[in-house]
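The values are calculated or read from the model by the stated rules, or taken from the named source; none is laboratory data. What you see is a predicted model, and the numbers here were worked out from it, not measured in a lab. Note: ideal-geometry Cβ built from the backbone for every residue, glycine included; neighbour counts use all protein chains shown.
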Amino acid sequence: MSEPSFENKTLGLSENLLNYIKNLAGTENPVLTELREFTSNHPQKKMQISPEQGTILSFLIKCTGAVNALEIGVFTGYSSLLTALSLPADGKLTAVDRSEEFTGTATEYWKKAGVENKIDLLLGDANDVLDSLLETKKEFYDFIFIDADKKNYISYYEKSLNLLSAKGIIIIDNVLWRGLVAEESADDRITVQVREFNRYVSEDRRTEMCIIPVTDGMMLVRKK
Ligand code: CA
């Protein structure tokens, strides 16, 4: 039988193919599963990363040997829990969010999974928190995940670059914004902000980036 022909380009994922990948990806930590199911009833459930994104983040944390991680935008805690579980025993995650309600849920699940000691929660406006981290510059971060309000993405990116260790990576979520970034007619506020951010980073000579078109698009950035 001849092999089916294919074009060498990224596939639009069918539900079948997505489930196939999910099934191959192995077992999710049971507390992560529980948290994902809890959040699936939340009105803002779209703010949670997908499990297939999670497997990539976890892989990146482990293969870069990250010890110190920073997360901007916690929501109910799926990615922070996954990060804490993926870091080594002496690893530390600094998690930044302004919502006491969301991070209350997150904290509950961090405890349930026994990783609360690996996570420092900093409550407040992310720009202010990042400024105070920059002031003290007590430590640099090997892995920074940005998944918060899109209007501040450029500011979070700039501040993160100054907090990034030499070999560290920054991951930015939602850079394809439901595919709207590529639709010329789409000119709503958030699409324009995400598009501006993407162009800003792609023109930044200090760094190198790539985009993984998983879920809503994740950008990976490293210093040159
Ligand atoms: Ca997101």
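Considering Lys138, Lys159, the condition of being assigned to a loop (DSSP other than H, G, I, E, B) and closer than 23 Å to Ala84 by Cα is satisfied by Lys138 alone. Residue selection: Asn19 satisfies the criterion of being assigned to a helix (DSSP H, G or I), surrounded by fewer than 14 Cβ atoms within 10 Å (Cβ to Cβ) and away from the ligand (no atom under 16 Å from the Cβ). Is at least one residue of region 63-74 surrounded by 11 or more Cβ atoms within 10 Å (Cβ to Cβ), under 21 Å from Asp142 (Cβ atoms), under 12 Å from the mean Cα position of the chain (by Cα) and not hydrophobic (A, V, I, L, M, F, W, C)? Taking every residue of region 63-74 in turn, at least one turns out to be surrounded by 11 or more Cβ atoms within 10 Å (Cβ to Cβ), under 21 Å from Asp142 (Cβ atoms), under 12 Å from the mean Cα position of the chain (by Cα) and not hydrophobic (A, V, I, L, M, F, W, C).
Just one of Lys150, Lys112, Lys138 is under 27 Å from Phe197 (Cβ atoms) and either basic (Lys, Arg) or without any contact (Cβ under 8 Å) to a residue 40 or more places away in the chain (or both); which is it?
Working: Lys112 fails: under 27 Å from Phe197 (Cβ atoms); Lys138 fails: under 27 Å from Phe197 (Cβ atoms).
After ruling out the rest, the residue left standing is Lys150.
Looking at Lys118, Lys159, Lys151, Lys111, which is the one that is surrounded by fewer than 14 Cβ atoms within 10 Å (Cβ to Cβ), modelled with pLDDT of 95 or more and not acidic (Asp, Glu)? Unique residue meeting the criteria: Lys111.
Scanning region 165-190 for residues that are among the acidic types (Asp, Glu) and assigned to a loop (DSSP other than H, G, I, E, B) turns up Glu183, Glu184, Asp187, Asp188.
In the set Leu35, Leu60, only one residue is buried (at least 23 other Cβ atoms within 10 Å of the Cβ) and either among the acidic types (Asp, Glu) or more than 14 Å from the ligand (Cβ to nearest atom) (or both); that residue is Leu35. Phe75 satisfies every condition listed in (1) within 16 Å of the ligand (Cβ to nearest atom); (2) not in a loop (DSSP other than H, G, I, E, B) except (2).
Across region 197-222, the qualifying residues are those that are in contact (Cβ under 8 Å) with a residue 24 or more places away in the chain and exposed (fewer than 15 other Cβ atoms within 10 Å of the Cβ), and the one among them that is nearest to Phe143 (Cα to Cα) is Arg206. For region 173-216, the tally of residues that are touching a helix residue (DSSP H, G or I) at 6+ places or on another chain (Cβ under 7 Å) and within 16 Å of the ligand (Cβ to nearest atom) stands at 15.
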